[in-house]
Every structure is written in structure tokens, then in C-alpha cells.
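Okay, structure first, notes after.
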There are 2 protein chains.
Amino acid sequence: MRNLFVFITILSFQAGFLPLFAQDADSMMIRKIYTEALTNPVAYHHLDYLCNRIGGRLCGSPQAEKAVQWTKKIMEDMGLDSVYLQPVMVEHWERGAKESGLVISQKAGRHELHICAVGGSVGTPKAGITAGIVEVKNFGQLQSMGRKQIEGKIVFFNREADPSQLYTFDAYGGAVDQRARGAMNASGFGAIAVVVRSATTAHDNFPHTGNQHYADSVKAIPAFCVSTNDADSLSLWLMKDPALKVFLKASCIQHPVSPSYNVIGEIKGTVHPGEIILVGGHLDSWDIGQGAHDDGAGIVQCIEVLRLFKALNIKPIHTIRMVAFMDEECGQTGAKVYAGESKRLADAGKEKHIAAIEADRGGLTPQGFSMEGKDEEVNKILGWNKLLQPYGLWSFGKSGSGVDIRDLKSQGALLIALVTDSQRYFDYHHSANDTFDKVNVRELELGAAAMGGLVLMIDRKW
Amino acid sequence: MRNLFVFITILSFQAGFLPLFAQDADSMMIRKIYTEALTNPVAYHHLDYLCNRIGGRLCGSPQAEKAVQWTKKIMEDMGLDSVYLQPVMVEHWERGAKESGLVISQKAGRHELHICAVGGSVGTPKAGITAGIVEVKNFGQLQSMGRKQIEGKIVFFNREADPSQLYTFDAYGGAVDQRARGAMNASGFGAIAVVVRSATTAHDNFPHTGNQHYADSVKAIPAFCVSTNDADSLSLWLMKDPALKVFLKASCIQHPVSPSYNVIGEIKGTVHPGEIILVGGHLDSWDIGQGAHDDGAGIVQCIEVLRLFKALNIKPIHTIRMVAFMDEECGQTGAKVYAGESKRLADAGKEKHIAAIEADRGGLTPQGFSMEGKDEEVNKILGWNKLLQPYGLWSFGKSGSGVDIRDLKSQGALLIALVTDSQRYFDYHHSANDTFDKVNVRELELGAAAMGGLVLMIDRKW
């Protein structure tokens, strides 16, 4: 949502205001969508199952496979016009046994660390690694220190996610390079492992995992995330004893690529069945939590959009397609396969995406939509403000959408992200704290209703 | 926030946008206020103490007295220009031993109920009450049933807080009459006790207490709140067995009125020390939780407003006064004493409130301000939209403020409420679930910063 400001008119967030629009059929139908979503907690019960019965769904895992079958079954039971699986070959990384991390120092004491391996990391040797550790805040500092100070050591990346940022995705974005490219960069200077401060504004004991990349040119070294509390402590212990040792152990396994699926369900368009309005989220999640906010919430909200249309007997003009993408967290292979197959159909004149909405910013109070696309289409959506703002949707920007839908840009689709209140999101993101009980039923439902309202408008007015 | 819509311009909620206003001293100072609030979790640590060390603070209780002394000490330690206590005589009701509720039925089974006495309720006889129970949804239904069906029975008020309302205060407002006047009305028809569905949109096992009123003309009968889950179950059990009995026991005690205090702290105005901008919340809370959202959050946010001014060395033109009101929950005696004393000073030409802001809607993401006052003053605040909206403050309405400040209207003060995201508020409100761990540090801080920014603007531009 950077670099663009959009002037819109706001109405206070009150149902009481709606009578002004009473004659308007769109407005009345949006109100029906909200009432249905807020009075029937189907999405919440779905999320309960996905989190508490299936759990963390790392791509390639048995849980991811269970989630695929469950999502397909749920959509079949809804009586959609079409439900199918789209095969995807996914990376299959396994964390292995619970990681260990230990600070060992005469002066600073002996302390267990709350750590976890970064996704895709290699493991340590079976006996673990014990070495000295050097703290840096950024890659520039790493370079300044050079091979002489780094070789044979563990590098500790400890730059904070800036709490003064208002939108926490910006705080995350300013810190996540340490996790994504820390191991690769440190290895270039001879480091034997990295420990990275968790990319979160929260101060607690949860390590937050995530993806990373190795470079072919350097050795793949083990990479760990450490909780923010422990990162702060480690920094203090290093002041007391710069020569302290850290023990690290992980037994990660990289399996061969393995088969999985995107799960797709549709309500066919009555007039333009080949023109698609997509709603999507990703079905895979990290393994250490339940993937409740990231992105179980998005999945059940997208299913809910279809349910709302069915429950209210709305017959869309265009096809409304829900895609549960596989493997957003590791390789985005689901997104690539989907976009490739869709391009093939588009080139053959068989289908065309007119818009795609991704829900992947947590099951938190929706605030609006962020868009990528042609100005005239963005402006069309901004023109619906009066209909959407009574529901607290005030943030509209032309500033990014979602990684699962971005490849649909080539079809000329308007790409849209559901924007949510970001303040709590990184308390949960990629950690063992991302569990069902952290999702508020109403916040979840409002996000589904917001998407439902937007899909209705796109369908009727495109 | 009913019946008024305000057209405002919105900028996307991004710090990245701020450089456009960089030359503007107000804008820069507001950004400093936000940065200070978001990077120094003082308010959060204060709330931790208030909740976890002092706990629930029912007026007249030892905890309320501790909270008074703690608040005074905190403000004294901040080096304010003036800190003092304002004596108030408060109601002193005590819950007594944990209440018991039991369903007794051959057909429907024996079930413990999650109940608690309504605040101010009389107790039951020592042996408890056992009687049949009749369910009603509203007072009209009560009247239709009449004395014949009600006499000697317990009345079960089971109207739901309407989940289709977008702003949960409206859902609460549509249900709370059952708690506030249920006992009084049922007693008029000869009922011997009432059990009231908790006024919340949440579905869980927490009973939510709150205040009520008896009428002099009818007998004061015991009143209980029951959790929403148990209310749903009780209704089903009554279908199975309309003759089921309910056992209720409470040992509430009404003590004589007892002395307490409002706690007041000030930064004196450099130019107009007699003109007051008030920020306030209430220090008392219900006894069964920790009063974290209601209203510990408001208290520590108001203290934080003063801290922000001190930390940034802002010398206000007008006096910034923080009032920690006592006894909002029971008799609003603190508000009455404060307004009375202030009127006396105003009549003597010694002080005048120009604006008063109350924070009493939970430590949740701030969304804007609700106002009561003269159109030209409301419009002045609406004119600052460009400065406030980059911080996600989008909801501005002329629609009510807060119960602790409403009596200042007679002085011509502009009355303002901090409006927060209401979705989760009634999950906590007046229940054992209103605890410190339910407050997110950033959401709390953003509320304090929002008030700080508004106070700055009022001080500079009034």
C-alpha cells in the first residue's frame, strides 16, 4: 500500500446508516451477505477442523494431503458446480526432531534458546555444532567484518522488526532479508551456521520460521530462527562474554519433490462461464503451528464466499472460482502450476480471469483492499466506496496483492488483496502461536463478507 | 455513531505517506508521538501491574483503593505539575462467595450453570432458591405472561445480542435492558429471581456481569447472569422439560457507602492554565476479571498521553488533565463529583473545560473519534483528517462520548470518545475473561497515540 493515496468518502461504520441505500439492490444484497456471514459461523467451524483436527500443513506432509482431501470434500458437500484437484509437484522438506540451541559460557551462564530451523534449512551434523557467535544487524556489517572475523563462526542476525512502523507488514519487510538470505550471505564469508532474530514486532518466546534461499555458489549451512526475547538476551550475554559458545542442532531432511494438489471449486457463471472471478488463499502452512491465521483463515473465508452465494441463492453472471493453493510457503509451485494452466486455457480462448482476490493477511478485522491493475479498473472499485464503507472498509490502495495470484497479471486480471488490521498478525505468523484460539469468529466472518461483497459487485458491474 | 455520516478523505494507512506532510510541524509532532508510543511499552507495563498485581477493582474494594494509590504514585513519579485525589463516596457492593447455579430435572438432567450475580444484586437466602423457570425474550413477553405464570418462579431472559450488528456496542445495547431492568420488571409480576443471558456476541462459558437497577415499588430479587453457552443449553433443556427446577445461590452484601477517590494529574498550560483538555477513563472495574480492556486500558492510555507530552518535551498551551474516574460501573459517583466540583470552579471563573476525551471502549485498534458538541467544533476536528488518517483513524461521527465526561457538556466542552475496533470487546467485557493477556501491546499503544495526537491538535489549534 505504498506510494499511493486514494481519496475516498467515508461513512461511519454503522448498520444504522444503511436505510439511505435501501432502494439499492446491490446495497441490500451486501447487507444480506454480511448478515448471513455474521449469523452462521460455518467458516469458523471449518477453521476449527482445519486447525485442531488436521493441524500444521507443510507442503509434502501427510497433513497437507489430509487438508487437500478435506477441502475437496467440503466443497463437494456444498453442491458446487465443479470441484477438482489440480496436480502440483511440491518441495518436501521435513523439520525432523525438535531443534536444540544452547548458550554455553562461564561468564554469561548456560541458557537454552527458543529456536527452530528456518524452512528449507539443511540439518547440522548429528552431534550438533558448537562454535563462537558474532552479532550483526545487516549484510553491510557482515561484509565489513569479512571472512577473517566470520570464518568458522555462527552469525547472529539481530536487526529488529521496526516497531515504529504502523503497518506491521512493513516492519516485517524491513527485517525478513536476514532470514531469507542470511545463511547464503554468511556462508559466503565462511560462517558455519546462522541464528536469525524472528521477524516479528512481538516480544515473546516463540521462534518464527519461514522460507530462505541458498546460493549454488556457496555451501548450504544450517539456519535457525530465535525468539525475540532470546535474541535480546543473547545480545546481552555476548556483551558479557564475546567468546561465548553456542550449540545448535537440527535434523532437517530434504525429501524428493512429491505430488500434491491445488483444490478448486466453482459456481459457474450464468452468462459468462469462461470469465473467472477468483478468490484464493493457500492451504499449506508452516509445521510448527496450526496455520490458523496463515492461511487457514484465508482458505475458510474463500470457501465461505462460495457458501454465501449458495445460501443467498445468488446466481453469478461470471464464474466464481475458489482456489486453495498448495505450497505458498516454500516454492509457490501451486501458484505457478495454476497460472501456467490458466494461461494455456486463456491462450486457447477457453477462460479469462477478470479479477483475483487473495486472502492471506490473517483472519483479522478487514480494512479494505489493495490492488494491482489498470487504473480504470481500480477506479471502478473505488467507485463502490459508498457501498463498502458502511462495513468499515476504508483502506483502498494500488499497492500489491498476493503471491499466489500475481502470475495472473499477464491475463490482465485485476489483482486484489484483502487488507486486514495488521497489528496482531506477526504475533502469530509462522510460529507455534498461530493457532485456532487466536482467531476471533467475527473478525474472520467480516473478512469473508467483505470479499463476498466485493465479488458480488465485480460480478454485477464489470 | 448513528444517524450521521461524515465525508472525509482517506489516505492509505502508511507511514510511507508521511513525507508529503514533512514540512508541517503538527504532522511531524504527531509522527513523533506515534513513534514514542510504539517504541516504549510503558503503557503496557502499567497495564500489566494494574491487572496482574492489583486485579479487579470494584469500587469500595481494597483493590480499588490500591489502584488509587498506585495511579497517584505513577503520576507523581512522572513529574507532573500537579497530582491530587478528589474524594468520592461510592457504593460498596460485594459479591461474596462464588455463586452456584444448578439445573435439576429427571428428563433433562442435572447441570451446573456458569453464572454470576449481577452487580448490585441482593443475595439469595443462605440455603439458596429452588424454583421453576420461565423463558422470555423481552419485557413485552413478560407482560403477556402476567403474574399468573410468573409468580413464585425464576424468569430467564434469553434475548441474544444481535450478531448481525456490525458495531458490537449496538448488539450489546439491544440486549442489556434484560440485565439492567430484568429483576425490577420480573419482580413486578411476582418472580423470585432472574437469570439473564450475558450481553455479549461471544459464545462461551463466561458469565458477564454489569450493573442493574431495582425499583422502590417492588421487592428486590436476586439477579444472575448466565453464560451464552449455558443460556442456549438451558433453553433446550426447558424444551425437554418445561417443569425443570433451577437452584440458585448468591451471598452478595451491600455495605454502607464508603470513601474513595478520583485521581487527577496535570501538565499545566503555559498560556491558558485555566482552560482544560481532559483525558480520562475509569479506574474501577468489575471484580470477576482484571478490568484489562474495561477500563485498565483507558487508564494507562490516558497516563500515556501525559507521558508522551513529557517525553517529547511538548509544553501545552492549555492544561492537559488526566482523570482516573472512580465508580463508573456502579453509580458514576466519581463523574458526578468531578463535574460538580468543576462546575463550581467554572462558575467562579477559575477553570473551563474546552474538550474532554474518554477512553472506555477497550485497548483495541483505534478507528477514530465520536463527538458531542457544537457543529463548528466538530467541524474543526474533521478538518484535521489529513493529519490523523495516515494512522488509520477513519471513523468520525457526532454520536455520543462517554459516561464519565457527559456532565461536562454544561460547560460547553466538546465531548469525545476514542472509538476502537469493537469486534472482540464483548468477548471480555464484564467477565473473568477481561485479563491482561487479552490486550495487544500495539493496539493499546496506538490508542494512546491517537489520543495524544488529537490532544496536541486541540491544544495548538483551538
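Nothing in this text is a laboratory measurement; each read-out follows from the coordinates by a stated rule. Since this is a predicted model, take the numbers as computed values, not measurements. Positions of Cβ are backbone-derived with ideal geometry, glycine not excepted, and every protein chain shown enters the neighbour counts.
Couple of notes before you dig in:
- Helical mean residue ellipticity (222 nm; -39500 (n - 2.57) per DSSP H run of 4+; nearest 500) of the protein assembly as shown: -9500 deg cm²/dmol
- Spin-label model, A:Lys374 to A:Ala131: label points 7 Å out along the Cα-to-beta-carbon direction sit 5.4 nm apart.
- Principal axes of the stretch B:231-291: Cα extent on each, largest first, Å: 72, 29, 18
- Pairs of Cα atoms farther than 19 Å apart, the stretch B:341-392, %: 48 percent
- Total formal charge among the other residues, if their Cβ is under 11 angstrom from that of A:Met239, Lys/Arg +1 and Asp/Glu -1: 0
- What the Cα convex hull of the stretch A:58-171 gives, in volume per residue, is 222 Å³.
- Pairwise inverse Cα distances across the stretch A:258-383, averaged and inverted, put the Kirkwood hydrodynamic radius at 15.6 Å.
- Percent of C-alpha pairs per 10 Å bin, chain B, short to long: 4, 21, 29, 23, 14, 7, 2, 0
- Of all residues in chain A, the one whose Cβ lies closest to the rotation axis carrying A onto B, together with that distance in whole Å, is A:Trp394, 2.
- Stretchable slack from A:Thr270 to A:Ser258, in nm (0.36 nm times residue separation minus alpha-carbon distance): 0.6 nm
- Computed E for B:Asn313/B:Asp26 - FRET, C-beta separation, R0 22 angstrom, nearest 0.05: 0.90
- Length gained on full extension, A:Met239 to A:Asn40: 66.1 nm, using 0.36 nm per residue less the C-alpha separation.
- Cα-based Rg of the stretch B:44-105 normalised by 2.2 N^0.38 Å, two decimals: 1.58
- When B:Ser410 is represented by a point 7 angstrom out along its Cα-to-C-beta vector, the spacings to that point in the other copies are 7.4 nm, nearest first.
- Each Lys and Arg Cβ is given +1 and each Asp and Glu Cβ -1; about its Cα centre, the stretch B:96-251 then shows a dipole of about 580 debye.
- For residues of B:440-448, the mean tally of beta carbons on other chains within 10 Å: 3
- Going by neighbour counts of Cβ atoms within 10 Å, the residues B:Val42, B:Val246, A:Val403, B:Val441 line up, fewest first, as A:Val403, B:Val42, B:Val441, B:Val246.
- Site pair A:Asn52 and B:Ala220 shows an inter-label distance of 4.1 nm when each label is modelled 7 Å from Cα along Cα→Cβ.
- Normalised alpha carbon radius of gyration of the stretch B:416-461 [divisor 2.2 N^0.38 Å]: 1.42
- Here is how far apart the B:Arg110 label points are across copies: 5.4 nm, shortest first, using a point 7 Å from Cα toward Cβ.
- For the stretch B:96-251, taking Cα atoms only, Rg and Dmax work out to 14.2, 43 Å respectively.
- Placing a pseudo-label 7 Å from each Cα along the Cα-to-Cβ vector at B:Lys73 and A:Tyr84 gives an inter-label distance of 7.1 nm.
- Taken as Cα centroids, the stretch A:351-418 and the stretch B:56-102 sit 49 Å apart, rounded to the nearest whole angstrom.
- Shape parameters for the stretch B:350-449, alpha-carbon atoms, Rg then Dmax in Å: 14.5, 43
- DSSP bridge orientation in the stretch A:96-251 - percent antiparallel, rounded to nearest 5: 55 percent
- Once the Cβ-Cβ distance of A:Gln141 and A:Lys107 is raised to the sixth power relative to R0 = 30 Å, the FRET efficiency obtained is 0.80.
- As an equivalent ellipsoid, the protein assembly as shown spans semi-axes of 46, 35, 30 angstrom, where each value is the square root of five times an eigenvalue of the C-alpha gyration tensor, largest first.
- With its label point put 7 Å out from Cα toward Cβ, A:Met28 sits 5.5 nm from the same residue's point in the other copies, in order from shortest.
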